1. Residues that are modelled with pLDDT of 85 or more, in contact with a helix residue (DSSP H, G or I) (Cβ under 7 Å, 6 or more places away or on another chain) and surrounded by 13 or more Cβ atoms within 10 Å (Cβ to Cβ): list the strands (runs of 3 or more DSSP E) wholly contained in the stretch 1-107 that include at least 1 such residues.
2. Going by what's in this entry, would Asn176 be described as without any contact (Cβ under 8 Å) to a residue 24 or more places away in the chain, polar (S, T, N, Q) and assigned to a strand (DSSP E or B)?
3. Among the candidates Thr132, Thr120, which residue alone is touching a strand residue (DSSP E or B) at 6+ places or on another chain (Cβ under 8 Å), β-branched (Val, Ile, Thr) and under 30 Å from Met85 (Cβ atoms)?
4. Checking Lys136 against (1) at pLDDT 95 or above; (2) in contact with an Asp or Glu (Cβ under 8 Å, 6 or more places away or on another chain); (3) not hydroxyl-bearing (Ser, Thr, Tyr), only one condition comes out false. Which one?
5. Please work out if Val193 is crowded, with 17+ Cβ neighbours inside 10 Å and modelled with pLDDT of 95 or more.
Amino acid sequence: MKNLFLILAAVLLSALSMFAQVTKPQVINDFDSFEADTEKIVNLYDNGIGLGYSTMSGYGLTFLRRFFNDYSIMLSGMISYNEKMRWSDMSKTKIEQDEKNNLYDIGIEIQRDIIKTNKTKIYAMIGSYLSTEKNKGQYSYNDVKNIISIGAGFGFQWYMARNFAGYFHFGYKFENTNKEQNNQPSVERKTTVGIGFGVMFLY
């Protein structure tokens, strides 16, 4: 599922970049040129929806809301389910494998704009996400994994067209993973580099 979002985000970034080149607005007169050069697109929209992937603030569908002019909050989330069954022969009388997998990913990110230009901005960010994966197997194993991550860093956002933007951020994060497999608990804690990127429709 994570690989699917990585591929989707990359395809959308490429498509929107080509769209922006084709639909570049034409300047009619000197006044329009002045207005285009001084207008900051980053100040025009307060809401956004899109797709994002971040090791600091989660992945999935995203919703962004800008407030106090220089601050934004972005929520992300994804729910996925898959089931796998295997029988011993074509009669399907004896089940050898029966697994049901649920994945919940919920994240939040707070941004503070630092530098704004006409079509780009640099911002500081702090993000966190909770990911819960439950694998239940009647004939194989039971596995539960909970991940809590929090990180901080900097991001860059650019406007490929008037209502479309892409973004990229990087930073440092702390991650705590609790696992339980067949009633055997374990925990893993680590600090590592965090990255994220995505595309967004603004309105």
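The values are calculated or read from the model by the stated rules, or taken from the named source; none is laboratory data. Note that the structure is predicted; figures quoted are calculated from it, not measured. Backbone-built Cβ (ideal geometry, glycine too); neighbour counts: all protein chains shown.
1. 47-54, 58-67
2. So Asn176 does not fit the description; no.
3. Thr132
4. Against the list (1) at pLDDT 95 or above; (2) in contact with an Asp or Glu (Cβ under 8 Å, 6 or more places away or on another chain); (3) not hydroxyl-bearing (Ser, Thr, Tyr), Lys136 comes up short only on (1).
5. So Val193 does not fit the description; no.
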